[in-house]
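All of the numbers you see were taken from the coordinates with simple rules; none came from a lab. In this text, all values refer to a predicted model and were calculated from it rather than measured experimentally. So basically every Cβ, Gly included, is an ideal-geometry build from the backbone, and we count neighbours across all protein chains shown.
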Amino acid sequence: MELNIDIQSRAEASLPWPGARRRGDQYGMRCVFMRAGTSRGAFLREEDLPKDPALREKLILAIYGSPDFRQIDGLGGATSLTSKVAIIGPPSRPDADVDYTFGQVRVNEARVDFRGNCGNISAGIGPFAIEEGFVDAVEGITKVRIHLTNSRALLVAEVPVLKGGVCQVVGDAVVAGVPGSGAPIILDWADVGGTLGRGLLPTGRPRETIETAIGTVEVSIVDAGNVTAFVRPSVFGLTGAQLPAHRMDASLLERIEAVRGAVAERLEMVDSAANADAVTPTIPKLYIVDPPVDYHDSNGRLVHAEAMDLLGRGMSMGTPHQAYAGTAAVCTGAAAGIPGTLVNEIARADCVQGGRLRIGHPTGILEMDAKVEFDGKAFRLVRSAVMRTARRIMDGTVYVSSRHFD
């Protein structure tokens, strides 16, 4: 018996991390692969990952096949929307059911960015937590309190659950950018106002003019879900309906990043705007907003101006977002309720008093509920509900080559 224990101990000691499983010259670990909102990624248990941050990043990159523009040797889908990772573990605060750490995996770089949140991937945390035993299932609706470790905020998900404790997938809820329909998952983001710790208006102003490499630009910087800068599309010689279908040449991308970098410098996230892509590529987010207008979505369907309250387009890791980020929707809803912001000025008047906001984006319409109140000193987000759907695609063991850990 002592000999067997000694052999096992030596075998475990030879593994690159304690949770690894050896298969020949590969290492494996538990993995659930999910589509959540308009994003997709691996959902991993905290306990299965290396404790060392550098080793953990190396493992995640290997799982996704980065860096490689096709991510052909991993699970990545060669876009920012399909290169996201969720790490779930026991709660580190008493008012939460689980901890959730979001990571944005770079496609062409050996890097995982753990700054900021992802509203779409967040939709999968509740179902994962229920089906993996972190939370007791309640038939009908199960509420899951999710600690967003990236921003130290609390997100509450209302997840439909079938008899037997399995989460419902089939339903009538439609998310623009996702084929078909699914069971609705309601995400309440009311606690995510002020992720930088400076309130909804981190610079204290609803609108301001900043100096950028392309000249002076009027922006509204709002912090809810993720800190986001809103600008008019005319800054880049565009209209609100052009992105992402508009041809994105290198010069246009550089001008857009120049403005985003200037916002990062304004927020003191970087010393120089030129360093923003290297230091903080995911936040601040940059979104353009414009009044409603008819346009054709990415599937060629006509979207009527009457169906929306404003047009919105954004960037994701240096390229046009193919849909609309969930956290950006939260931030857009908050901005719509704050007088003086560009979003408040542009959106239809009947939606900015608190209520439903309809955002026209590249794949259709995103609807969300938001309400902002002023307490005499500062604006406060009291409601921000976004409906998403999610689905478990596969579960099992994901393998990476041992060459990554030699």
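Here are the numbers:
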{"item": "Descending principal axes extents, the stretch 208-385, alpha-carbon based, whole Å", "result": "46, 39, 23"}
{"item": "Residues SER181, SER251, SER384 arranged by fewest to most Cβ contacts within 10 Å", "result": "SER251, SER181, SER384"}
{"item": "Neighbourhood net charge (15 Å Cβ-Cβ; Lys/Arg +1, Asp/Glu -1) for GLN26", "result": "+3"}
{"item": "Residue order, fewest to most surrounding Cβ atoms within 10 angstrom, among ILE256, ILE283, ILE186", "result": "ILE186, ILE256, ILE283"}
{"item": "Degrees separating the helix 250-266 axis from the principal Cα axis of the chain, which is the longest one", "result": "90 degrees"}
{"item": "Subset of LYS84/LYS285; LYS51/LYS84; LYS143/LYS285 violating a 21 Å alpha-carbon distance limit", "result": "LYS143/LYS285"}
{"item": "Debye log10 I(q)/I(0) at q = 0.12 Å⁻¹ for the stretch 80-166, Cα point scatterers", "result": "-0.37"}
{"item": "Folded to 0 to 90 degrees: helix 53-64 orientation relative to the chain principal axis, Cα", "result": "80 degrees"}
{"item": "Top positive-direction residue, dipole computed over the stretch 208-385 with Cβ charges, set ILE359, VAL219, VAL259", "result": "ILE359"}
{"item": "Antiparallel content of DSSP bridges confined to the chain, in %, to 5", "result": "85 percent"}
{"item": "Within the stretch 256-308, trypsin sites (Lys or Arg not before Pro) in DSSP loop having at most 11 other beta-carbon neighbours inside 10 Å", "result": "ARG301"}
{"item": "The chain - charge dipole about Cα centre, Lys and Arg +1 at Cβ, Asp and Glu -1, debye rounded to 20", "result": "280 debye"}
{"item": "Proxy reagent accessibility, fewest Cβ within 10 Å first, across HIS361, HIS321", "result": "HIS321, HIS361"}
{"item": "Stokes-Einstein diffusion coefficient of the chain, Kirkwood radius over Cα pairs, 4 °C, 1.567 mPa s, in µm²/s", "result": "59 µm²/s"}
{"item": "Gaussian network model of the chain, Cα within-10 Å springs - most flexible of ASN120, ASN275, ASN344", "result": "ASN275"}
{"item": "Relative contact order for the stretch 306-406, counting Cα pairs under 8 Å that sit 6 or more residues apart, in percent", "result": "25 percent"}
{"item": "Residue-averaged [θ]222 nm for the chain, counting only DSSP H segments that reach four residues, each worth -39500 (n - 2.57)", "result": "-5000 deg cm²/dmol"}
{"item": "DSSP-assigned coil residues among trypsin sites (Lys or Arg not before Pro) in the stretch 111-220, each with at most 10 further Cβ atoms within 10 Å", "result": "LYS163"}
{"item": "Most fluctuating residue given options ALA347, ALA129, ALA274, as computed from a GNM of the chain linking Cα atoms under 10 Å", "result": "ALA274"}
{"item": "Packing-based order for 16-23, 190-197, using average beta carbon neighbours within 10 Å, highest first", "result": "190-197, 16-23"}
{"item": "q = 0.14, 0.15 Å⁻¹, the stretch 290-342: log10 I(q)/I(0) [Debye, one scatterer per Cα]", "result": "-0.44, -0.50"}
{"item": "Relative contact order (%) - the chain, alpha-carbon pairs under 8 angstrom, separation at least six", "result": "17 percent"}
{"item": "DSSP loop GluC sites (Glu not before Pro) with at most 16 other Cβ within 10 Å: longest gap in the chain", "result": "269-406"}
{"item": "Crossing angle, helix 326-336 versus the chain [Cα axis fit, 0-90 degrees, rounded to tens]", "result": "30 degrees"}
